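Let me begin by presenting the structure, written as structure tokens, before commenting on it.
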Amino acid sequence: MGTFFRFHFVMCRQVSCFFMLLFGRSLQVGAAESDGREISIESAIGTTLQAYAAGPLNAKKGVLILHDLWGLNATVRGWTERFAAQGYRALAIDLFDGRISKDLGLANEIMNSIDPEWVKADIQAGLDYLQTPGRKLAVVGWGYGGGQSYQAALIAPERISATVVGYGLIETNVEQVRSLKAPVFAIFAEADQKMTLAKVAHYEALMKKSLVRPRTLVFDGDHGFIDPNHTTYDAKLAEEAWQQVDWFLAALMD
């Protein structure tokens, strides 16, 4: 059974986050193949979705990135290029059909209008795009995308080598957790009013019944602390969270 870890990080003033430097093109691996670009992907149900891809085409590891309620915006493109700079073939898919909003109310309306079955088809299409012989795949999501990254681990357990759930709302049961095949790293925020500490405790209890190596971190922050689009953004906590994600994935993907 997996060992659960809980670290509480003291809230600090927002500072310039060093990982933003990784967004620069100077750190690209194989520049000719790593330039980020917009692409279109067709799903198994015949729909077309937009995506942003970056990183070496021949990379031995791939990561599917799932966005928060704001949509596939510049922040998510930055995350994609961050992974590309580390040698991943990285792909961020647009789950909102091109809709992007900076307004919280409108963003929630868009998010709540999305058909979960279409999201599943989009996720499968993203995994299809990334899948090549010998390549390991990870899924990483934050907020809305965090909940969807957990769903990805459930709908495609044989294809995913690692899952990162960033303060996403996780709804699961014993049957589902027992279907997981790869380690799950769940990051939560202590002040989160959506995925509350009570819900985190319930999730942890269920994960003890799984056959994977789960890891849980609870940061002393609020929902959205890693995303500059949220008013709760905290650069120091974001830096700590990305470091933890990097270490988790390195142990499984490299």
Length-normalised contact order of the chain, Cα under 8 Å, at least 6 apart, in percent, tallies to 22
Residue by residue through segment 240-254, the couplings from Karplus 6.51 cos²θ - 1.76 cosθ + 1.60 with θ = phi - 60°, in Hz, x for Gly and Pro, are 4, 5, 5, 4, 5, 4, 4, 5, 4, 5, 4, 5, 10, 9, 7
In Å, the Kirkwood estimate of hydrodynamic radius for segment 160-254 over Cα pairs equals 13.8
In nm, the gap between the two label points placed 7 Å beyond Cα toward Cβ at residue 178 and residue 194 is 3.0
Filtered hits (aspartates and glutamates, Cα-Cα < 12 Å from residue 61, offset >= 8 within chain) -> 254
So residue 100 and residue 171, fully extended at 0.36 nm per residue minus their Cα-Cα distance, gain in nm 23.0 nm
Relative contact order in percent for segment 73-171 (Cα pairs under 8 Å, 6+ apart) equals 20
Restricting to lysines and to Cα separations under 23 Å from residue 209, and discarding same-chain partners fewer than 8 apart, the set is 181, 199
Non-local residues with an amide H under 5 Å from the amide H of residue 66, with H modelled 1.01 Å from N and Pro and chain starts lacking one, are 140, 141, 142
Which residues qualify? For residue 229, with a placed amide H closer than 5 Å and at least 5 residues away or on another chain, they are none
Sparse-neighbourhood loop hits (trypsin sites (Lys or Arg not before Pro), segment 28-127; DSSP loop; Cβ within 10 Å at most 13 others) -> 102
For segment 139-248, listing GluC sites (Glu not before Pro) in a DSSP loop whose Cβ sees at most 13 other Cβ atoms within 10 Å gives 158, 171
When the chain is treated as a Gaussian network with springs between alpha carbons less than 10 Å apart, the largest mean-square fluctuation among 147, 224, 46 is found at 46
Mean shadow area (nm²) of the C-alpha convex hull around segment 18-253 is 11.7
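Bear in mind these aren't lab numbers, they're just calculated from the coordinates by the rules spelled out. All values reported here derive from a predicted model rather than from experimental measurement. A quick note on method: Cβ atoms are made from the backbone with ideal geometry, for glycine too, and the neighbour counts reach across all protein chains shown.
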